[in-house]
Amino acid sequence: MLPRAGFQQWLQELSGQFEIFGPKKNEKAIVSWQRLEGGELPDMAPGVPKGSIKTFFFPQPETLFEFTARPKQDDSFRLREPEKRQKPRLVVGVRPCDARSVLLNSMPYKEDPYFQQNRQNVILVGLACRNGCSTCFCTWTGGSPVGTEGLDILVFELEDGFVLEPVTERGESLLQKASSARDATEAERQAVQEIRDNAPTSLPEAMEPASQLVQKDLMALYNAPFWQQLSDSCINCGTCTFLCPTCYCFDIQDETLRGKGRRIRYWDSCMFPLFTLHASGHNPRGEKVKRVRNRFMHKLKYFPERFGPLSCVGCGRCVRDCPVNIDIRQVMKELLAV
Ligand code: SF4
Ligand code: SF4
């Protein structure tokens, strides 16, 4: 148990060792991932920040290597790895759905050295949800508002401070450095248990489609008229995929300037028509309906078929920010009903 001031002091002390980030509100009241300085606490209002946590593991853009575009004899390098960041990162105030997304993304990125190195260098301090927002549905997809998957430490906010539970060994060793920590009292343990018991029922709607969807033969619905109706309103803006913590598609480009260059990878989106355009001019997903169908089939059929869980953690970002109100929860219900 750490009182509020003790938690701030702990963060302040850790800032010598880590770059610290967390959700923070800007002047327009938009909460996003930002640097926290001087023991600053993260924004703890319910819900997830606007941007995705994948930015810490799969940065936009990421330099894969640097090169000399027109090599000369006396060049100091022709090809080299990008400079490493000096300090590891500590991200605080991470909601359990976001932490779980990191685990899901590490399945396809198991052999990706960039992603895995970022995983080694980023420590996640979670914040248990007391109440879900209107767009939260983590329990539908196999998660929990008090889940620990992907986290190093889980924090419960109480009236007088915070109860911190280590999840991994590195989380445990960081907690050893919290000088003003003490054992939680019986009343504080009980308060934590109440959060555990009540948080899942605070979500707007209880439903468990994860296992049902995985069992369903979604390929039989491949040509269902439902996809056309759904895609009619989509404007292919890509907002859903860019904000989604479990969307991980990328493209690669070389940038050169005055003889020096770098190869970068950056986020791409299956909602963009150019995403699947072949050099021949053929485009297997040239029509919008095919792109919309692919986004949902990837999350609800192809990914679980290959890796097990759905590729959605129920964070609700795509529901909250889609300009035409396309709602993945509705898609799940429709697919279950067909
Ligand atoms: S955010 Fe909505 S409109 Fe934009 S691409 Fe996604 S589904 Fe389509
Ligand atoms: S599909 Fe939507 S709700 Fe699911 S993880 Fe992505 S942004 Fe969150």
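One table, with the values for the structure above:
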item	result
Label zone at residue 85, where the point sits 7 Å out along the Cα-to-Cβ direction: the range 167-206 residues whose backbone N lies under 19 Å	170-171, 174
Added length on full extension, which subtracts the Cα-Cα distance from 0.36 nm per residue, residue 76 to residue 159	24.1 nm
Cβ crowding within 10 Å averaged over residues, with 215-227, 301-313 ranked highest first	301-313, 215-227
R0 of 25 Å, Cβ-Cβ distance residue 26-residue 4: FRET efficiency to nearest 0.05	0.65
Euclidean distance of C-alpha centroids, the range 154-179 and the range 44-74, integer Å	29
Gyration tensor (Cα) of the chain, equivalent ellipsoid semi-axes in angstrom	35, 31, 16
Of the GluC sites (Glu not before Pro) in the range 152-202, those whose Cβ has at most 12 other Cβ within 10 Å and which sit in DSSP loop	159
Protection proxy ranking of 246-253, 123-130, 197-204 - average other beta-carbon atoms within 10 Å, highest first	123-130, 246-253, 197-204
Label-point separation in nm, residue 194 to residue 55, each point 7 Å along Cα→Cβ	3.5
Length released on extending from residue 134 to residue 266, taking residue separation times 0.36 nm less the Cα-Cα span	44.4 nm
Whole-Hz couplings from phi, Karplus 6.51/-1.76/1.60, listed for the range 255-272; x for Gly and Pro	10, 10, 8, 6, x, 10, x, 9, 9, 10, 10, 9, 4, 10, 9, 5, 7, 8
Simple spin-label estimate for residue 217 and residue 169 in nanometres, 7 Å along Cα-Cβ	4.8
Per-pair calculated FRET efficiency, R0 = 35 Å: residue 202 and residue 237 via Cβ, rounded to 0.05	0.70
Extended-chain gain in nm, criterion 0.36 nm per residue less alpha-carbon gap, residue 117 and residue 103	3.7 nm
Filtered GluC sites (Glu not before Pro), the range 1-43: DSSP coil and at most 14 other beta carbons within 10 Å	27, 37
Relative contact order for the range 232-285, counting Cα pairs under 8 Å that sit 6 or more residues apart, in percent	31
Within the range 2-337, percent of DSSP bridges classed antiparallel, to nearest 5	70
Rough spin-label spacing in nm, given labels placed 7 Å along Cα→Cβ, for residue 69 and residue 287	4.1
³J(HN,Hα), Karplus 6.51/-1.76/1.60, whole Hz, each residue of the range 30-41, x for Gly, Pro	8, 8, 9, 6, 9, 5, 10, 10, x, x, 4, 8
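Quick note: the coordinates plus some simple rules give every number you see, no bench work behind them. Every value quoted in this text rests on a predicted model; they were computed, and no experiment measured them. With ideal geometry, Cβ positions are generated from the backbone for all residues, glycine too; neighbour counts draw on all protein chains shown.
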